[in-house]
Amino acid sequence: MAAAMTMCAAVAVLLVLTSTMAAAAGDGGGFDYKKALHSGLLYFEAQRSGHLLYNQRVRWRGHSGLADGLQQGVDLVGGYYDAGDNVKFGLPMAFTMTMLSWAAAEFWDEIAAAGERRHVLEAIKWGTDYLVKAHTAADELWAEVGDGDTDHYCWQRPEDMTTSRQAYKVDRDNPGSDVAGETAAALAAASIVFRRSKPRYSRLLLRHAEQLFDFGDRYRGKYDSSIGEVRAYYASVSGYGDELLWAALWLHRATGRRGYLDYAVAMADELGGVGWAVTEFSWDVKYAGLQILAAKVLMDGGDHPAAHAATLEQYRSKAEHYLCACLGKNAAAGDNVNRTAGGMLFVRRWNNMQYVTNAAFLLTVYSRYLRDSGGDTIRCSGGAMATGDELAAMARAQADYVLGDNPAGVSYMVGYGRRFPRRVHHRGASMVSHRADGRFVGCVQGYDRWFRRGGANPNVVAGAIVGGPDDRDRFRDSRDNYMQTEACTYNTAPMVGVFAHLHAQKMAARTANNNADRSMIKRVD
């Protein structure tokens with residue numbers, strides 16, 4: 001009897017130790033990645049412009065921008081506000097759709113297992129429907145609705161806005177290869193996502209993507225040279241070379257046509273694809289992303305001519321330079337991304353979290369590509385090596401930092417956890433909902449009555465990832481601190497894939513732990 005009790009006690013201790021060790025090994029700790037994924041997709045409903053659907057879950061929002069494009073004789077109703085203001089900027093909106101679509105294409109099974117398949121499709125389609133509308137002719141794309149200067153002069157709910165809704169376009173005489181290329185990439189990536197569920201819609205997206213790529217390549221120029229109003233907000237600092245290569249590689253992935261891969265190889269040097277070794281990936285700078293897409297072609301094996309191998313190897317080398325930079329493993333310090341004492345990747349003061357979330361996505365994706373190709377390591381400059389597990393671990397560390405594993409103990413995803421930003425720089429969230437109080441709020445009245453008040457926002461813009469802390473992990477929760485408290489759609493978009501992946505990993509680890517526990521009990525019996 002005593003021996004049996006001793007054996008039972010030993011088994012109990014062993015099970016506790018096994019479960020504890022498994023948790024430490026990576027079952028996700030205390031973070032609820034499924035909730036983070038759910039919140040992230042909810043955020044896109046808070047950013048909708050246009051006539052909202054009957055099943056709109058964010059109830060404090062209402063219809064807005066219903067006359068967009070009317071002055072120009074086109075229908076530009078719909079799409080997304082990119083951040084805390086009421087302007088629709090085409091370049092970051094298209095990038096957001098590209099990243100959402102990449103997440104859905106790459107992590108479809110994980111998103112579906114978390115119960116978010118319908119919501120991710122709705123989030124993508126709300127954006128792509130608008131991008132198709134904005135492409136009003138083969139060589140014409142509307143790239144902005146609203147004016148940043150007049151919009152920033154006012155603090156109004158989108159349902160009340162009285163600011164300019166002037167629309168701006170690029171065309172043959174006023175080119176915009178960067179915005180055309182990014183829109184082509186978004187529609188091509190989305191066509192992959194809708195291929196099974198909506199095949200006709202998928203073909204429509206692909207047709208627009210091909211036309212936009214041809215337009216952007218044939219009539220080259222930066223869109224901020226054609227639309228001066230955008231320069232102070234979303235200037236194309238990197239130029240248009242990255243967007244054209246990015247679009248070509250997405251079109252190759254969507255169609256399988258070799259002509260697009262031939263373009264990416266032939267134009268690799270001229271457009272900077274194999275020349276730029278970068279340490280950031282963003283709505284403006286796409287090189288790291290396109291280099292990873294090109295590297296995947298190489299890693300997949302025989303889907304390319306032998307003559308392309310050397311250029312694809314150059315692409316892969318540059319992709320791995322970026323990944324090594326995130327790990328801090330490149331030989332020269334200047335070739336690495338800085339990291340705060342708390343472990344956050346730090347690129348620049350203004351909305352640094354966009355670089356964190358995009359890095360987490362690329363690290364996650366590439367670790368998967370390595371695994372699927374049978375590889376395990378990448379080579380950094382100077383000869384250092386890094387493993388796929390290291391890439392995945394860094395991605396998870398950044399995701400956990402976002403959710404609260406940081407020196408401040410603050411979740412930088414609004415609405416997640418007990419401590420999160422309460423004074424987000426967001427017009428709609430900072431003012432009483434029009435449903436609760438339908439009285440009109442004037443342009444300057446919004447500043448006087450709502451912007452300057454010290455209390456928390458009346459509406460929680462759940463799922464928004466704010467700009468985040470500075471290089472010393474410090475964060476000030478104030479509406480006027482827009483560098484840190486304004487959230488953007490392209491901050492959250494890449495985390496849809498990351499959170500889905502981490503949730504699936506956590507569930508798999510938990511299942512493995514339970515199976516191991518049951519096996520141990522059987523052996524003891």
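Just a few scattered comments:
- Fraction of accessible area attributable to carbon and sulfur, the range 37-511 (%, probe 1.4 Å): 48
- Packing-based order for 94-104, 422-432, 143-153, 48-58, using average beta carbon neighbours within 10 Å, highest first: 94-104, 422-432, 143-153, 48-58
- Subtracting the Cα-Cα distance of Asp109 and Gln72 from 0.36 nm times their residue separation leaves 9.1 nm of extension gain.
- FRET E, pair Glu270, Glu140, Förster distance 30 Å, beta-carbon r, rounded to 0.05: 0.70
- Check: the range 48-92 dipole with +1 on Lys, Arg Cβ and -1 on Asp, Glu Cβ, in debye: 280
- Measuring nothing but how far apart in sequence close Cα pairs (under 8 Å, 6+ apart) lie, relative to its length, the chain scores a relative contact order of 19 percent.
- Using the rule -39500 (n - 2.57) for each DSSP H run of four or more residues, divided by the residues of the chain, the 222 nm mean residue ellipticity is -16500 deg cm²/dmol.
- The alpha carbon centroids of the range 247-273 and the range 87-111 are separated by 20 Å.
- Across the options Val145, Tyr80, Ala114, the greatest Cα extent toward the positive end of the charge dipole of the chain (unit charges at beta carbon of Lys, Arg, Asp, Glu) belongs to Ala114.
- In this simple spin-label model, placing a label point 7 Å from the Cα along the Cα-to-Cβ direction at both Ala397 and Leu52 gives a separation of 4.0 nm.
- Dipole-positive endmost among Trp126, Ser317, Phe281 within the range 37-511 (Cβ charges, Cα centre): Trp126
- Whole-number accessible area per residue in Å² for the range 362-414, which is evaluated in the context of all protein chains at 1.4 Å: 35
- Euclidean distance between Cα centres, the range 343-390 to the range 118-150, Å: 30
- Sorting 72-82, 380-390, 118-128, 174-184 by their mean Cβ neighbour count within 10 Å, with the most densely packed peptide first, gives 174-184, 118-128, 72-82, 380-390.
- Largest-first principal axis extents, alpha carbons of the range 44-87, Å: 32, 23, 12
- Positive minus negative residues near Ala325 (Lys, Arg vs Asp, Glu; Cβ under 14 Å): 0
- 10 °C / 1.306 mPa s Stokes-Einstein diffusion coefficient of the range 37-511, Kirkwood radius on C-alpha pairs, µm²/s: 71
- Ordering of 230-239, 452-461 by burial proxy (mean other Cβ atoms within 10 Å per residue, highest first): 230-239, 452-461
- Taken about its Cα centre, the range 22-132 carries a charge dipole of roughly 320 debye when the Cβ of each Lys and Arg holds +1 and the Cβ of each Asp and Glu holds -1.
- If you plug the beta carbon distance of Arg207 and Arg422 into 1/(1 + (r/R0)^6) with R0 = 56 Å, you get a FRET efficiency near 0.80.
- Summed side-chain charge close to Tyr130 - residues other than Tyr130 whose Cβ falls under 11 Å, Lys, Arg +1, Asp, Glu -1: +1
- The mean accessible area for residues of the range 76-145, using a 1.4 Å probe and ignoring ligands and nucleic acids, is 21 Å² per residue.
- Rounded to the nearest 20, the size of the Cβ-charge dipole of the chain about its Cα centre is 1620 debye, with Lys and Arg at +1 and Asp and Glu at -1.
The values are calculated or read from the model by the stated rules, or taken from the named source; none is laboratory data. Quick caveat: nothing in here was measured; it's all calculated off a predicted structure. Note: ideal-geometry Cβ built from the backbone for every residue, glycine included; neighbour counts use all protein chains shown. These area figures cover heavy atoms from the full protein model, side chains too; ligands, DNA and RNA do not enter into them. Shrake-Rupley method; radii C 1.70, N 1.55, O 1.52, S 1.80 Å.
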